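Take a look at the structure set out below.
Just so it is clear, none of the values below were taken in a lab; they were calculated from the coordinates. Computed from a predicted model, the values in this text were never measured in an experiment. Counting neighbours? That spans all protein chains shown, and the Cβs are built from the backbone with ideal geometry, glycine included.
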Amino acid sequence: MMLQKDNSCLMVIDVQARLLPGIHESEKLVAYCDSLVELAQELSIPVFGTEQYPEGVGPTADGLRERVGEGEFTGKTFFSCVDAPQFQDKLKTITQDQVVICGMEAHACVLQSAMSFKAMGKQVFVVADAISARNPKDTEFAIARMREEGIKIITREMVGFEWLRRSDAEGFKLFSKKFLR
C-alpha cells in the first residue's frame, strides 16, 4: 500500500523545545519534521500536532510551531495522543485513513500513538528519519517493534515521492528543493 495524499494526514508528535537538547540529532529531527509539514501544507494535507504536558515541558520548537499553526496543537498527558481525553475532539476531525507520524520520543509517544491509531483501523506510516529519542537504541527498538505490529516504516523521501507520484506534480519543485538536495 502506498500513501495517497488525498487520504493522508500528518501528525507531529511532541517536538518540544525544552526537551530537544537531550534528543539524539535534534536539529535534524526538527528540520525533517518542518520539511514534512511544509510539503503537507503545500499539498493541502491536514497537519496536527501534540505536546506532552506543555504546562510543565513547554511548547513545540518555535519555527515548527508557527509552521503547523498554534491552533493545530493539542496538549496531552497520555503518551498516546489517541488515548488522550484532550485530543478526542481533534481525533473526530481526522477522517483520513492514512496517518503519517513524525516527532519524539520514538519509544514512548510516537510508538504508543502509532499503535493506537493502528488499533483504530488506520493505516499508520512512521517516518524513520523524522523520529528520535534521547537514546538512539530506543529509536531502533521502537522501529523494530512498530514494524512487527504492522506499522509501515518509511523515510521522508518516500513520503514525498508517494504523495506526489509524478515529477510534474504541483509541489514537486518544493519537494526537490527541500528533500533531494
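Which far-off residues, 5 or more places away or on another chain, put their amide H under 5 Å from the one on A61, with H placed in the peptide plane?
Q16, A17
When the Cα centres of segment 1-58 and segment 117-155 are compared, how far apart do they sit, in Å?
Segment 1-58 and segment 117-155 have Cα centres separated by 14 Å.
Taking the Cα atoms of segment 104-181, report the difference between the largest and smallest coordinate on each principal axis, in whole Å and largest first.
The Cα atoms of segment 104-181 stretch 37, 29, 16 Å along the principal axes, largest first.
A 31 angstrom limit on the alpha carbon distance is what I want to check against. Which of K152/K177; K5/K76; K92/K173; K92/K137; K28/K118; K152/K178 exceed it?
Details: K152/K177 26 Å; K5/K76 27 Å; K92/K173 33 Å; K92/K137 34 Å; K28/K118 27 Å; K152/K178 23 Å.
As for pairs spanning more than 31 Å Cα to Cα, those are K92/K173; K92/K137.
Which residues make up the longest stretch of the chain clear of GluC sites (Glu not before Pro) that lie in a DSSP loop with no more than 13 other Cβ atoms within 10 Å, not counting the sites? Walk me through the numbers on the way to the answer.
Numbers: sites that count: E25, E149, E170.
So the longest stretch without any such site is 26-148.
Where both residues lie in the chain, what percent of DSSP beta bridges are antiparallel, nearest 5?
Of all bridge pairs located within the chain, approximately 5 percent are antiparallel.
Would you kindly calculate the mean projected area, averaged across all directions, of the convex hull enclosing the Cα atoms of the chain, in square nanometres?
9.3
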